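A.B. asks: Below are the structure tokens for one structure; questions will follow.
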Amino acid sequence: MKELVAAYENGASSKVLAAKYHLDIRTALRLLREHDATIRRQSPTQDQMILAKELYLAGKSVAVIAAQLGLPSTTLTNHLRKNGVTLRPRGGSKPATGRVG
């Protein structure tokens, strides 16, 4: 565990470390938090945002998409808004509006 924390604190991304140690990204982040590592901001990649937007416009919830991508729900919500997606009311299930792509 010390090696994981040290690598993260030396700049390795949580995504790279999760892959290296064969962990889910959420597990890697939890372990880092448990060992007092300061977690850096987790921004979605362009590919993740394209997928997230497609899934959201198809009716998936922010919570489901965020869990699938290993991102905080609030981060995903903010990035969807920045990418022109009109969010549904909480608990809504109708497809949202916005262009895909």
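A.B. asks: In the list LEU23, LEU32, which residue meets the criterion of being of a type in the set (A, V, I, L, M), in contact with a Phe, Trp or Tyr (Cβ under 6 Å, 6 or more places away or on another chain) and either assigned to a helix (DSSP H, G or I) or surrounded by 13 or more Cβ atoms within 10 Å (Cβ to Cβ) (or both)?
C.D. replies: Going through LEU23, LEU32 in turn, just one is of a type in the set (A, V, I, L, M), in contact with a Phe, Trp or Tyr (Cβ under 6 Å, 6 or more places away or on another chain) and either assigned to a helix (DSSP H, G or I) or surrounded by 13 or more Cβ atoms within 10 Å (Cβ to Cβ) (or both): LEU32.
Here's the yes/no breakdown for (1) farther than 30 Å from GLY91 by Cβ; (2) in contact with a helix residue (DSSP H, G or I) (Cβ under 6 Å, 6 or more places away or on another chain); (3) not assigned by TED's automatic domain parsing to the domain that holds GLY91:
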{"site": "TYR8", "(1), (2), (3)": "yes, yes, yes"}
{"site": "LYS20", "(1), (2), (3)": "yes, no, yes"}
{"site": "ALA28", "(1), (2), (3)": "yes, yes, yes"}
{"site": "ASP47", "(1), (2), (3)": "no, no, no"}
{"site": "LYS53", "(1), (2), (3)": "no, no, no"}
{"site": "VAL62", "(1), (2), (3)": "no, yes, no"}
{"site": "ALA67", "(1), (2), (3)": "no, no, no"}
{"site": "LEU71", "(1), (2), (3)": "no, no, no"}
{"site": "THR75", "(1), (2), (3)": "no, no, no"}
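A.B. asks: Mind listing whichever residues of region 55-77 are over 21 Å from SER13 (Cα atoms) and either without any contact (Cβ under 8 Å) to a residue 40 or more places away in the chain or not in a helix (DSSP H, G or I) (or both)?
C.D. replies: LEU55, ALA58, GLY59, LYS60, SER61, VAL62, ALA63, VAL64, THR77 - these are the residues of region 55-77 that are over 21 Å from SER13 (Cα atoms) and either without any contact (Cβ under 8 Å) to a residue 40 or more places away in the chain or not in a helix (DSSP H, G or I) (or both).
A.B. asks: Give me the pairs, please: first residue somewhere in region 36-54 and touching a residue at least 24 places away in the same chain (Cβ under 8 Å) and farther than 17 Å from THR74 by Cβ, second residue anywhere and surrounded by 10 or more Cβ atoms within 10 Å (Cβ to Cβ) and among the hydroxyl-bearing types (Ser, Thr, Tyr), beta-carbon distance under 8 Å, and either six or more positions apart or on two chains.
C.D. replies: Between residues of region 36-54 that are touching a residue at least 24 places away in the same chain (Cβ under 8 Å) and farther than 17 Å from THR74 by Cβ and residues that are surrounded by 10 or more Cβ atoms within 10 Å (Cβ to Cβ) and among the hydroxyl-bearing types (Ser, Thr, Tyr), the close pairs are ALA37/TYR8.
A.B. asks: So in region 14-48, with the set limited to residues that are among the hydroxyl-bearing types (Ser, Thr, Tyr) and within 19 Å of ALA67 (Cβ to Cβ), which one is modelled with the lowest pLDDT?
C.D. replies: Out of the qualifying residues, it is SER43.
The values are calculated or read from the model by the stated rules, or taken from the named source; none is laboratory data. Since this is a predicted model, take the numbers as computed values, not measurements. When we count neighbours, we look across all protein chains shown, and the Cβ atoms used for this are built from the backbone with ideal geometry, even at glycine.
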